[in-house]
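Novice: Handing you a structure now.
The values are calculated or read from the model by the stated rules, or taken from the named source; none is laboratory data. Computed from a prediction, not measured in an experiment: that's the story for all the values here. Every residue, glycine as well, gets a Cβ built from its backbone with ideal geometry; the counts of neighbours run over all protein chains shown.
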Amino acid sequence: MNTSIAAPLAYRVTPSDHARSAEQRAAILDGDLGFGTIFTDHMVSIEWDKSRGWHDAQVQAYGPLALDPAAAVLHYGQEIFEGVKAYRHADGSIWTFRPQANGARMQHSAARLALPQLPVDEFVESLRQLIAIDHAWVPSKPETSLYFRPFMIATEAFLGVRTAQAAAYHVIASPAGAYFANGVAPVSIRVSQDYARAAKGGTGAAKCGGNYAASLLPQQAARAHGCSQVLFLDPVEGKYLEELGGMNVFLVYADGRIVTPELSGSILEGVTRSSILQLARDRVMRVEERKVPIDEWKTGVASGEIPEAFACGTAAVVTPIGELKGRDFSVGDINAPAGEVTMSIRNELTDIQYGRIPDRHGWLVKLR
Ligand code: COI
């Protein structure tokens, strides 16, 4: 597959002729942002085809994509995406967090989904290009950010089942507050009984839309039982924790350990997950990445051995889990305050992201 680029891509920039006014934007950013419903005025688009490789990079008005109805993505789901945030610091500067890690993960996802790999430098540059024109959309209220959604789709019009010979990469951006409606308040989680998220050798370790499509029905069942997220168990024995519908999971033990499911080949390697592992190691906590039986969590909550658990991801940041429910059990207390370790890790991570404490690992990249 031709994924080469002769030189850094040159961007054509066409400002939107219907961009929101400064007043309209200020009113939007002043309101409740929620997650994923508001979009900035522009987007990045880069085309790829087998003979030319990556080409035709541009920043253009945010708007509908023109796709042939036979485009492969619409039939066989050849699609991958990422989630990255831009944070406004107190001095007005704009930074992003470990974008190279997201760019590298997108390359792994592309390889698995037989899509072309965008060079990591071009991935980071695409964020910079969007910020250059839409920087005023980076909110400044506490704990808000601009959520970038880079994604890649197979655009070739062909109904045979084979790797597409044409694809497009886009980045859209959304000013965002908390992912969960109640902010950082503890959420409840329901164990999926009948469905697995992904199998070994499948696409579970790739960030592709299909994994999330497969999570929607069990996620709906979790919601019907009053839970915010579904928890998937391993697809073979139905015994070990994998991940939640859209985020990784950590357990905090009373003896000071912090434990998360090992990368089994069917879970996503979260950038937030790996950052938390590093922060925990910096604190000289005992960190375990291993198989975690659901029974260990269940009995550990009841016995007090596991007083805290949390979900993590770019969108969710670090969100306490108050309650774990299954078909015939419920442990924890959704009304109990968020755990101390959970909140201290969340605060340390966000303090780094918002430039409130030194970035000792060199994770931040200045966008503007
Ligand atoms: C993210 O955390 O960025 C994600 O992609 C999860 C998504 C399902 C909201």
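Novice: If you check Ile80, Ile94, which single one turns out to be over 30 Å from Gly201 (Cβ atoms), crowded, with 16+ Cβ neighbours inside 10 Å and of a type outside the set (S, T, N, Q)? Talk me through it step by step, then tell me what you get.
Specialist: Working: Ile80 fails: over 30 Å from Gly201 (Cβ atoms).
Unique residue meeting the criteria: Ile94.
Novice: What's the total number of residues in segment 132-147 that are surrounded by fewer than 23 Cβ atoms within 10 Å (Cβ to Cβ) and of a type in the set (A, V, I, L, M)?
Specialist: 3
Novice: Here's a check for you: in segment 148-173, which residue that is polar (S, T, N, Q) and surrounded by fewer than 21 Cβ atoms within 10 Å (Cβ to Cβ) is nearest to the chain's Cα centre (by Cα)? Don't jump to the end; show me each part of the working.
Specialist: Restricting attention to segment 148-173, the residues satisfying the condition of being polar (S, T, N, Q) are 155, 163, 165.
With the extra rule that they be surrounded by fewer than 21 Cβ atoms within 10 Å (Cβ to Cβ), the set shrinks to 163, 165.
Numbers: Thr163: 25, Gln165: 27 Å.
Of everything passing the filter in segment 148-173, Thr163 is nearest to the chain's Cα centre (by Cα).
Novice: Checking the structure you have, find out if any residue of segment 220-232 is modelled with pLDDT of 95 or more, in contact with a helix residue (DSSP H, G or I) (Cβ under 7 Å, 6 or more places away or on another chain) and under 23 Å from Val73 (Cβ atoms).
Specialist: Checked against the condition, which is being modelled with pLDDT of 95 or more, in contact with a helix residue (DSSP H, G or I) (Cβ under 7 Å, 6 or more places away or on another chain) and under 23 Å from Val73 (Cβ atoms), segment 220-232 yields no hits at all.
Novice: Sticking with this structure for a sec: Can you name the strands (runs of 3 or more DSSP E) wholly within segment 33-126 that have at least 2 residues being in contact with a Gly (Cβ under 7 Å, 6 or more places away or on another chain)? Before the answer, list the steps.
Specialist: On the way: elements: 42-49, 53-61, 79-81, 84-88, 94-97.
Output list reads 79-81.
Novice: Given the condition modelled with pLDDT of 95 or more and in contact with a helix residue (DSSP H, G or I) (Cβ under 9 Å, 6 or more places away or on another chain), answer yes or no: does some residue in segment 292-299 qualify? Break it down into steps so the answer makes sense when it comes.
Specialist: Going residue by residue through segment 292-299, those that are modelled with pLDDT of 95 or more are 292-299.
Pick out the ones that are also in contact with a helix residue (DSSP H, G or I) (Cβ under 9 Å, 6 or more places away or on another chain) and you get none.
Checked against the condition, which is being modelled with pLDDT of 95 or more and in contact with a helix residue (DSSP H, G or I) (Cβ under 9 Å, 6 or more places away or on another chain), segment 292-299 yields no hits at all.
Novice: Name the one entry in Ala10, Ala90, Ala72, Ala22 that is under 28 Å from Val317 (Cα atoms) and out of contact with any Pro (no Cβ under 9 Å at 6 or more places or on another chain).
Specialist: Working: Ala10 fails: under 28 Å from Val317 (Cα atoms); Ala72 fails: under 28 Å from Val317 (Cα atoms); Ala22 fails: under 28 Å from Val317 (Cα atoms).
The conditions single out Ala90.
Novice: I'd like the residue in segment 311-364 that is of a type in the set (Ser, Thr, Tyr) and more than 16 Å from the ligand (Cβ to nearest atom) and, out of all such residues, is farthest from Gly300 (Cα to Cα). Spell out how you get there, then give the answer.
Specialist: First, pick out the residues of segment 311-364 that are of a type in the set (Ser, Thr, Tyr): 314, 319, 330, 342, 344, 350, 354.
Imposing the further condition that a residue be more than 16 Å from the ligand (Cβ to nearest atom) reduces the set to 330, 342, 344, 354.
Details: Ser330: 12, Thr342: 17, Ser344: 21, Tyr354: 34 Å.
This residue is Tyr354.
Novice: Further question: Across segment 185-210, which residue is farthest from the ligand (Cβ to nearest atom) among those that are hydrophobic (A, V, I, L, M, F, W, C) and part of a loop (DSSP other than H, G, I, E, B)? Lay out the reasoning, then the answer.
Specialist: Here is the first cut: in segment 185-210, the ones hydrophobic (A, V, I, L, M, F, W, C) are 185, 187, 189, 191, 196, 198-199, 205-206, 208.
Checking which are part of a loop (DSSP other than H, G, I, E, B) leaves us with 185, 196, 198-199, 205-206.
Numbers: Ala185: 18, Ala196: 17, Ala198: 14, Ala199: 20, Ala205: 14, Ala206: 12 Å.
Filtering first and then ranking leaves Ala199.
Novice: Out of the residues in segment 12-62 meeting the condition of being of a type in the set (Phe, Trp, Tyr) and within 16 Å of the ligand (Cβ to nearest atom), tell me which one is farthest from Leu118 (Cα to Cα). Steps first, please.
Specialist: Taking segment 12-62 as the starting set, the residues that turn out to be of a type in the set (Phe, Trp, Tyr) are 35, 39, 48, 54, 62.
So of that shortlist, the ones also within 16 Å of the ligand (Cβ to nearest atom) come out as 35, 39.
Numbers: Phe35: 27, Phe39: 24 Å.
Residue satisfying both the conditions and the ranking: Phe35.
Novice: Another one. Which members of segment 6-30 meet the condition of being within 27 Å of the chain's Cα centre (by Cα) and either polar (S, T, N, Q) or modelled with pLDDT under 95 (or both)?
Specialist: Answer for segment 6-30, where residues must be within 27 Å of the chain's Cα centre (by Cα) and either polar (S, T, N, Q) or modelled with pLDDT under 95 (or both): just Pro8.
Novice: Find the residue count for segment 273-299, including only residues that are part of a loop (DSSP other than H, G, I, E, B) and either within 13 Å of the ligand (Cβ to nearest atom) or in contact with a Lys or Arg (Cβ under 9 Å, 6 or more places away or on another chain) (or both). Full working, then the answer.
Specialist: Our first condition is that a residue be part of a loop (DSSP other than H, G, I, E, B); within segment 273-299, this holds for 283-285, 291-292.
Imposing the further condition that a residue be either within 13 Å of the ligand (Cβ to nearest atom) or in contact with a Lys or Arg (Cβ under 9 Å, 6 or more places away or on another chain) (or both) reduces the set to 285, 291.
Residues flagged as part of a loop (DSSP other than H, G, I, E, B) and either within 13 Å of the ligand (Cβ to nearest atom) or in contact with a Lys or Arg (Cβ under 9 Å, 6 or more places away or on another chain) (or both) within segment 273-299 amount to 2.
Novice: Mind listing whichever residues of segment 165-184 are part of a loop (DSSP other than H, G, I, E, B) and at pLDDT 95 or above? Talk me through it step by step, then tell me what you get.
Specialist: Let us first name the residues in segment 165-184 that are part of a loop (DSSP other than H, G, I, E, B), namely 165, 177-184.
Within segment 165-184, just Gln165 meets the criteria.
Novice: Any residue at all in segment 12-32 that is part of a strand (DSSP E or B) and farther than 18 Å from Ala86 by Cα? Before the answer, list the steps.
Specialist: First pass over segment 12-32, keeping only residues part of a strand (DSSP E or B): 12-13.
Keeping just the survivors that are farther than 18 Å from Ala86 by Cα gives 12-13.
So far as segment 12-32 goes, yes, one or more of its residues are part of a strand (DSSP E or B) and farther than 18 Å from Ala86 by Cα.
Novice: Could you tell me which residue of segment 221-271 is surrounded by the most Cβ atoms within 10 Å (Cβ to Cβ), considering only residues that are among the charged types (D, E, K, R) and farther than 22 Å from Thr342 by Cα?
Specialist: Here is the first cut: in segment 221-271, the ones among the charged types (D, E, K, R) are 223, 234, 237, 239, 242-243, 255, 257, 262, 269.
With farther than 22 Å from Thr342 by Cα added as a condition, the list becomes 223, 234, 237, 239.
Values: Arg223: 14, Asp234: 23, Glu237: 9, Lys239: 13.
Only one residue fits best here, namely Asp234.
Novice: Scanning for something among the hydroxyl-bearing types (Ser, Thr, Tyr), under 17 Å from Asn248 (Cβ atoms) and touching a residue at least 12 places away in the same chain (Cβ under 8 Å), does segment 299-316 turn up at least one residue? Working first, answer last.
Specialist: Taking segment 299-316 as the starting set, the residues that turn out to be among the hydroxyl-bearing types (Ser, Thr, Tyr) are 299, 303, 314.
After this cut, where a residue has to be under 17 Å from Asn248 (Cβ atoms) as well, the list is 314.
Then drop every residue that is not touching a residue at least 12 places away in the same chain (Cβ under 8 Å), which leaves 314.
Checking segment 299-316: at least one residue is among the hydroxyl-bearing types (Ser, Thr, Tyr), under 17 Å from Asn248 (Cβ atoms) and touching a residue at least 12 places away in the same chain (Cβ under 8 Å).
Novice: Being among the aliphatic types (A, V, I, L, M) and surrounded by 19 or more Cβ atoms within 10 Å (Cβ to Cβ) is the filter; apply it to segment 316-333 and report the residue that is nearest to Ser192 (Cα to Cα). Show your work before the answer.
Specialist: At the first step, the residues of segment 316-333 found to be among the aliphatic types (A, V, I, L, M) are 316-318, 321, 324, 331.
When the remaining residues are screened for being surrounded by 19 or more Cβ atoms within 10 Å (Cβ to Cβ), the result is 316-318, 321, 324.
Numbers: Ala316: 20, Val317: 23, Val318: 21, Ile321: 16, Leu324: 11 Å.
Among those that are among the aliphatic types (A, V, I, L, M) and surrounded by 19 or more Cβ atoms within 10 Å (Cβ to Cβ), it is Leu324.
Novice: Quick test of your reading of the structure: Leu231 fulfils all but one of (1) away from the ligand (no atom under 14 Å from the Cβ); (2) touching a Lys or Arg at 6+ places or on another chain (Cβ under 6 Å). Name the failing condition by number.
Specialist: Here Leu231 meets the rest and fails (2).
Novice: Now for a different question. Provide a single number: the residues in segment 246-272 that are outside any strand (DSSP E or B), more than 14 Å from Ala206 (Cα to Cα) and within 16 Å of the ligand (Cβ to nearest atom).
Specialist: Let us first name the residues in segment 246-272 that are outside any strand (DSSP E or B), namely 246-247, 253-256, 262-272.
Okay, now just the ones that are also more than 14 Å from Ala206 (Cα to Cα), so 253-256, 262, 272.
With within 16 Å of the ligand (Cβ to nearest atom) added as a condition, the list becomes 272.
Residues in segment 246-272 being outside any strand (DSSP E or B), more than 14 Å from Ala206 (Cα to Cα) and within 16 Å of the ligand (Cβ to nearest atom): 1 in total.
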